[in-house]
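Below is one structure, written out as structure tokens; the observations come after it.
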Amino acid sequence: MSFLENAKQYTGSDLENIFFRPMLSGPSAIDLGVRVIYNLPTPTTVQLWDGQRNILQQYNAAGWSGGAPATKYQKTIDLKRVKAELGFSAADYFSLVYERITGRADVNLDDLTGTELEEAETTLFRQAVAENIRATMWIGDSAAESGYNTFDGFLKMLKEGAESELFYNTLYQTSDLTTDSGKIVAIFDELWNNAPVRLQDLKADGQLAFFVTSDLYHRYEKYLDEKGSDAAYSGTVGGHPTLAYHGIPVVDVRLGSYLGSTSLHQSFCLLTDRRNLVLAVNTADFPGTEVRMWYNPDVMENRQRALFMAGCTVLDETLVSYAYRA
């Protein structure tokens, strides 16, 4: 066997349960670090309810003092129809899929079933689609002629919001960080001190995070390494699996290989609630939505295609505190 020629197509419930839901729920969704909404009816509208304050009243034997109903806020996520396509040389594709199978101890290589091959193929394509969704939700720009231009990402919204002064934002220089590693802590403090009180109050929910580019994440690691303590020594030797500042996680958005080709901010630190950044994916309301994998004998190529809808938004731009490099 040196080629994989069996065609595969996922539609309907198979498309949801086998392909998309595993990468948009559970640990996979948590790894994205933002709020993920899957298969809400389009147009996807997120309801935000602001409960009335001061609802406790003095007790009276009769009468009603409930006042006006709670104020309703909502925001619609603009989903775009997108497709993902990959093509591999048949020999290369077989090697990629076969390598995934040989790494498992429970596989009899002399009796490979179609199910095992299908699972390996599906995992390979699913990982590629998941990474491209993750990258686009950050750096997407629908106005760009090429690149990640299927839908607008968080950074485009943040750049426009900073220019319009919709939220607190500040500039820092590269020299600030190279000359003093403690500058990163100053950035964290500045964003926290200037964040709206509503955002600060959400710290108790455990969903606040500093989303930073890799240069700032590394600078914070260096700052911690400089501390004269056993913990600093252990961190220098073994690394820092997770970082936090005053109980707020510091999350590396891992965009170094993507940002260079864009006009977006190349380095930034974003303080917000994870639930304020929303990614929406829909595979139910778009006719023709499918995942298909097939072999093209004319060019001896294995091809993969996924059709679905996706989009993202910052729900409340006032719940943002943002610093970026000029």
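The values are calculated or read from the model by the stated rules, or taken from the named source; none is laboratory data. Since this is a predicted model, take the numbers as computed values, not measurements. Counting neighbours? That spans all protein chains shown, and the Cβs are built from the backbone with ideal geometry, glycine included. Only protein heavy atoms, including side chains, enter the accessible area calculation; ligands, DNA and RNA are left aside. Shrake-Rupley method; radii C 1.70, N 1.55, O 1.52, S 1.80 Å.
Solvent-accessible surface (1.4 Å probe) assigned to V299 amounts to roughly 80 Å².
For T44, the residues whose modelled amide H falls within less than 5 Å of its own, excluding neighbours fewer than 5 places apart on the same chain, are I77, L79.
Over region 167-230, what is the relative contact order in whole percent, taking alpha-carbon pairs under 8 Å and six or more residues apart? Can you show the working numbers first?
Numbers: 20 pairs, mean separation 27.6, N = 64.
It rounds to 43 percent for region 167-230.
Annotation: aspartates and glutamates with alpha-carbon distance below 13 angstrom to K227 (same-chain offsets under eight excluded): none found.
From largest accessible area down, sort W64, W192; use a 1.4 Å probe on the protein chains. Don't skip to the answer; put the middle values down first.
On the way: W64 215, W192 70 Å².
From most exposed to least exposed: W64, W192.
Under a plain spin-label model, where a point goes 7 Å from the Cα along Cα-to-Cβ, how far apart in nm are V197 and D92? Calculated label separation equals 5.9 nm.
Placing unit charges on the Cβ atoms of the charged side chains and taking the dipole of region 142-223 about its Cα centre, the candidate lying farthest along the positive direction among S142, A162, H218 is H218. Excluding ligands, DNA and RNA, the accessible surface per residue across region 128-286 is 46 Å² with a 1.4 Å probe. Cross-link pairs exceeding 32 Å in C-alpha to C-alpha distance, out of K8/K159; K75/K203; K83/K222; K75/K183; K75/K222, comprise K8/K159; K83/K222; K75/K183; K75/K222.
Add +1 for every Lys or Arg and -1 for every Asp or Glu among the other residues with Cβ under 14 Å from the Cβ of M137, and state the total. List each step's numbers first, then the result.
Details: positive: R35, K80, R134, K156, R254, R274; negative: D31, D78, E131, D141, D152.
Cβ neighbours under 14 Å give a net charge of +1.
The modelled label-to-label distance between A62 and E163, using points 7 Å beyond Cα along the C-beta direction, is 6.3 nm.
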